[in-house]
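**Student:** Have a look at this one.
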Amino acid sequence: MKQKKISLLVQVLVGSTLLSGIATAADLEGHSLEMKVRGIYFDRDYETDTNDRSQSALGLQLNYESPYFGDVIGFGLSGYSVIKFDASGRMTSDVLKVNSDGDAQDGFGKIGQAFIKFKYQDLAKAKLGRQLHKSMLLSSSGSRAIPNTFSGGTGEIRPLKGLSIYGAMYDEWSPRADAHFYKFKTDKSDEGDIDYIGILGASYENGPFSVDLEYLNAKNFLSKTGLVAAYTFALPNKSSLKLTGGIHTSSDDGKLFVTASESAELDDEDVPGSANKKSDNDGQGIYIAADWKMGNLALGAAVSKFDGAWIEDNFAGDHGTNPFPTGGVLADFSNRDELVWMASVGYDWKDFVKGLKTSVSYKKGTGAKNSHVRSRGEADESELAVDVRYQIPVVKGLGVRYTYLDYRSDKTGRLDGVKEDEIDHRFYIDYTYRFF
């Protein structure tokens, strides 16, 4: 296996060198080729010792994107590879998929992106094929060795200055710890697949004001909406204050939303006689947030309130996209009746150590209740997050990052959305090289 790892690295590096040489010899203005290398280490310590685990790996990406030929059509292609360094403790798919023998796989490779793109002047754009996605309610996660990607089509039109109307429809996805693309499913896979994930949204920006609206539908399973508005005030001494408000909903939307189809966040299984019965969800969360920036210092505060449980995951295996500024990394902080507040401070140390940035945030959720029957469970929870990033000045494209996460909960009865105590240490070494 060691020989295979070395061979894969050699192939990637040789291929990159050849493409770089071709780029030098030819006029490739508008073409883009980059290599991304990530070393990643996760150490996870749980209240239940049998859940403790750690995994480390090397992630490789080779991303190519063409210009628009004839100002109309182009394409993109990305090769991803993950190579295991080590894995111990309980085997789960944190960084690498777990094989049928119960061990983390040694590595994998895949074509993560392969798309054709279209453009009509500055009015409209579209993509067909495997691609990354980033919007309010669905996003390709970048917290592991490689990102997860989706297969389908996206489009955007800009009819007016500052206005964007966009949509997406995907029928498959590829997890960040796996080599394959899969149909979307629920946690009750015997109920059938989710045919597609569809998104329709609009965003408008005019000077200091912006508003975003998005609707997501996992067919016959779940629908979600989000509306966010923000205004940025320019203050003296080059400081600014951004005020943001948002409302988000999630609701059941068809025959696939049955008992235990969303087992990680809803408590519908704890009612006698409810097995394999139609379930329901009517969750809503609202928030307000303030972000103040003055020079190298950034301060933030936010508060969210939930009526019913707002569901983060859009399908089984998805770690969701949490649009709430009070959302946690290790838990969603979006349970029924929960009130959550957050405070954060960040500092750019460039005047003392160029390239160094740090941030600390603390979230506290109180009054969370069992999502199905209030009296069956209640809890409080908190999360402390420390993030240290250092972009090494002497090597262009090289950076390191360390995050410390400390999650605590106090739970009585059953409440699946509140997790057990956990401390995470996460290390990243990232290097990006642009050939052209």
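The values are calculated or read from the model by the stated rules, or taken from the named source; none is laboratory data. In this text, all values refer to a predicted model and were calculated from it rather than measured experimentally. So basically every Cβ, Gly included, is an ideal-geometry build from the backbone, and we count neighbours across all protein chains shown. Surface accessibility is based on the protein's heavy atoms, side chains included, excluding ligands, DNA and RNA. Shrake-Rupley method; radii C 1.70, N 1.55, O 1.52, S 1.80 Å.
**Student:** What is the Cα centroid distance between the stretch 155-204 and the stretch 38-105, reported in whole angstrom?
**Tutor:** Between the Cα centres of the stretch 155-204 and the stretch 38-105 lies a distance of 21 Å.
**Student:** Let me ask something else about it. Roughly how far apart, in whole Å, are the Cα centres of the stretch 340-408 and the stretch 245-265?
**Tutor:** Here the two parts' Cα centres lie 26 Å apart.
**Student:** For residue 436, what charge total do you get from the other residues with a beta carbon under 10 Å from its beta carbon, if Lys and Arg give +1 and Asp and Glu give -1? Could you put the intermediate results ahead of the total?
**Tutor:** Working: positive: 434; negative: 29, 34.
Within the 10 Å Cβ shell, the charges total -1.
**Student:** Compute the signed sum of charges (Lys and Arg +1, Asp and Glu -1) over the other residues within less than 12 Å, Cβ to Cβ, of residue 192. Could the numbers behind the result be given before it?
**Tutor:** Working: positive: 183, 185, 188, 219, 255; negative: 190, 191, 193, 195.
Its environment carries a net charge of +1.
**Student:** Also: If you take every DSSP beta bridge fully contained in the chain, what fraction is antiparallel? Give it as a percent rounded to 5. Working shown, then result.
**Tutor:** On the way: 203 of 203 bridges.
Bridges in the chain are about 100 percent antiparallel.
**Student:** Can you compute the radius of gyration and Dmax for the chain, using only the Cα atoms, both in Å?
**Tutor:** Here Rg and the maximum Cα pair distance are 22.6, 71 Å.
**Student:** Count the net charge of all other residues whose Cβ sits under 12 Å from the Cβ of residue 161, scoring Lys and Arg as +1 and Asp and Glu as -1. Working shown, then result.
**Tutor:** Values: positive: 158; negative: 122, 205.
Result for the local shell: -1.
**Student:** What are the aspartates and glutamates whose alpha-carbon lies under 15 Å from the alpha-carbon of residue 84, with same-chain residues fewer than 8 places away excluded?
**Tutor:** Residue 84 reaches 43, 94, 103, 106, 178.
**Student:** Given the -39500 (n - 2.57) contribution per DSSP H run of 4+ residues, what per-residue ellipticity at 222 nm results for the chain, rounded to the nearest 500 deg cm²/dmol?
**Tutor:** Values: 1 runs with 24 residues, N = 436.
One gets -2000 deg cm²/dmol as the mean residue ellipticity at 222 nm.
**Student:** Let me ask something additional. Keeping the other protein chains in place, figure out the carbon and sulfur percent of the accessible area of the stretch 30-434, with a 1.4 Å probe.
**Tutor:** Details: 10560 of 18780 Å².
Exposed carbon and sulfur together represent 56 percent of the surface.
**Student:** Do the alpha carbons of any pairs in 125/219; 97/125; 161/364; 238/354; 396/419 sit beyond 31 Å of each other, and which pairs?
**Tutor:** Working: 125/219 25 Å; 97/125 35 Å; 161/364 40 Å; 238/354 21 Å; 396/419 40 Å.
Result: 97/125; 161/364; 396/419 exceed 31 Å.
**Student:** Here's something else I'd like to know. How large is the charge dipole for the chain, taken about the Cα centre, if only the Cβ atoms of Lys, Arg (+1) and Asp, Glu (-1) carry charge, to the nearest 20 debye?
**Tutor:** Numbers: 51 positive and 61 negative charges, 343 e Å.
Roughly 1640 debye for the chain.
**Student:** Right, another one. Could you please state, rounded to a whole Å, how far the C-alpha centre of the stretch 314-336 is from the C-alpha centre of the stretch 120-147?
**Tutor:** 19
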